[in-house]
Number of protein chains: 2
Amino acid sequence: MTDEHVEQQQPREEEQEVDDRLLRLAADFDNYKKRAARERAEYVSLANERLVKELIPILDDLERALNAAEQHEEAQLEEGVRLVYRSLASLLERQGVKEIATDGKFDPHVHEALLAQPSEEAAPGDVLDVIQKGYTLGDRVVRPARVIVAE
Amino acid sequence: MTDEHVEQQQPREEEQEVDDRLLRLAADFDNYKKRAARERAEYVSLANERLVKELIPILDDLERALNAAEQHEEAQLEEGVRLVYRSLASLLERQGVKEIATDGKFDPHVHEALLAQPSEEAAPGDVLDVIQKGYTLGDRVVRPARVIVAE
């Protein structure tokens with residue numbers, strides 16, 4: 001046996017240490033990846049769970065409104081629908097949903113022109129009427145406002 | 001300079017290679033952590049966005065129902081509420097929400113007893129009446145069913 005051979009079989013302490021660190025780091029990395037994938041799935045279901053929990057009382061209110069309808073209690077039915085509307089609108093607002101403004105000029109980034117009409121009062125390019133409200137979520141357009149524009 | 005000193009300043013090739021692998025692995029790990037945190041936030045907002053997008057048409061239908069109410073079109077109002085109820089119930093179902101069964105024995109895991117009443121027809125411990133429906137999401141109880149139990 002040569003001296004060199006012996007050295008390869010018994011690596012010096014520092015080499016062993018670096019190898020150990022490499023193995024530990026690789027194991028940590030692997031564990032982290034597994035945990036991250038698990039957490040990702042949990043985060044999604046938790047985020048949804050929070051929303052779902054808020055939607056269930058709204059379903060309750062709808063059921064109550066339907067019961068009122070069946071008993072021809074029109075005033076209660078109407079009040080119930082108003083309550084449901086307010087609850088759902090407020091839930092969406094808390095989620096960061098905002099109604100797109102339609103007072104003023106047509107903006108192709110947030111509006112969709114369904115029709116162009118001549119108008120005596122409005123300037124060309126003004127929004128004349130809203131066919132369907134539009135909404136943003138954060139800085140994204142969830143749905144453009146569908147509008148009629150002045151020619 | 002001793003021979004040993006020279007060896008420390010110029011590590012052998014294998015050592016250099018292990019050091020490089022260690023550095024690369026550490027850098028990969030770090031990048032992975034940053035990406036995972038970013039993805040986690042994106043997943044949550046995407047998951048919510050999907051739900052939010054499904055809720056907006058329900059808000060539209062509620063608005064239409066309210067318009068019908070204002071114009072005293074009672075039949076249209078009632079039909080609108082039914083539509084909203086079906087949409088929301090189906091959305092929750094697709095999210096994995098299930099109504100808790102209440103036909104049979106009281107089950108403390110999914111039921112909450114609000115009251116115990118004597119009953120001639122039902123066996124002791126049977127659910128007599130449901131005050132508020134309960135729901136599960138996957139294997140979790142979102143809300144227990146609130147019931148009246150036979151004594």
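The values are calculated or read from the model by the stated rules, or taken from the named source; none is laboratory data. Since this is a predicted model, take the numbers as computed values, not measurements. Reconstructed Cβ throughout: ideal geometry from the backbone, glycine too, with neighbour counts over all protein chains shown. For the accessible areas, the whole protein counts, side chains as well, though only heavy atoms, and no ligand, DNA or RNA atoms are used. Shrake-Rupley method; radii C 1.70, N 1.55, O 1.52, S 1.80 Å.
The sole residue among B:Glu4, B:Glu14 that is within 9 Å of chain A (Cβ to nearest Cβ), modelled with pLDDT under 85 and part of a helix (DSSP H, G or I) is B:Glu14.
Of the candidates A:Ala65, A:Ala75, the single residue that is touching a helix residue (DSSP H, G or I) at 6+ places or on another chain (Cβ under 9 Å) and open to solvent by 60 Å² or more (accessible area, probe 1.4 Å) is A:Ala75.
Quick one: which of A:Arg94, A:Arg50, A:Arg38 is modelled with pLDDT under 95, open to solvent by 60 Å² or more (accessible area, probe 1.4 Å) and within 17 Å of B:Ile56 (Cβ to Cβ)? Lay out the reasoning, then the answer.
Details: A:Arg50 fails: within 17 Å of B:Ile56 (Cβ to Cβ); A:Arg38 fails: within 17 Å of B:Ile56 (Cβ to Cβ).
After applying the criteria, what remains is A:Arg94.
Candidates are the residues of the stretch A:25-76 that are within 7 Å of chain B (Cβ to nearest Cβ) and touching a residue at least 12 places away in the same chain (Cβ under 8 Å); the one that is nearest to B:Arg24 (Cα to Cα) is A:Leu51.
From the list B:Val141, B:Val110, B:Val147, the one residue that fits, being surrounded by 13 or more Cβ atoms within 10 Å (Cβ to Cβ), under 30 Å from A:Leu46 (Cβ atoms) and at pLDDT below 95, is B:Val141. Residues of the stretch A:11-27 that are open to solvent by 80 Å² or more (accessible area, probe 1.4 Å) and among the acidic types (Asp, Glu): A:Glu13, A:Glu14, A:Glu17.
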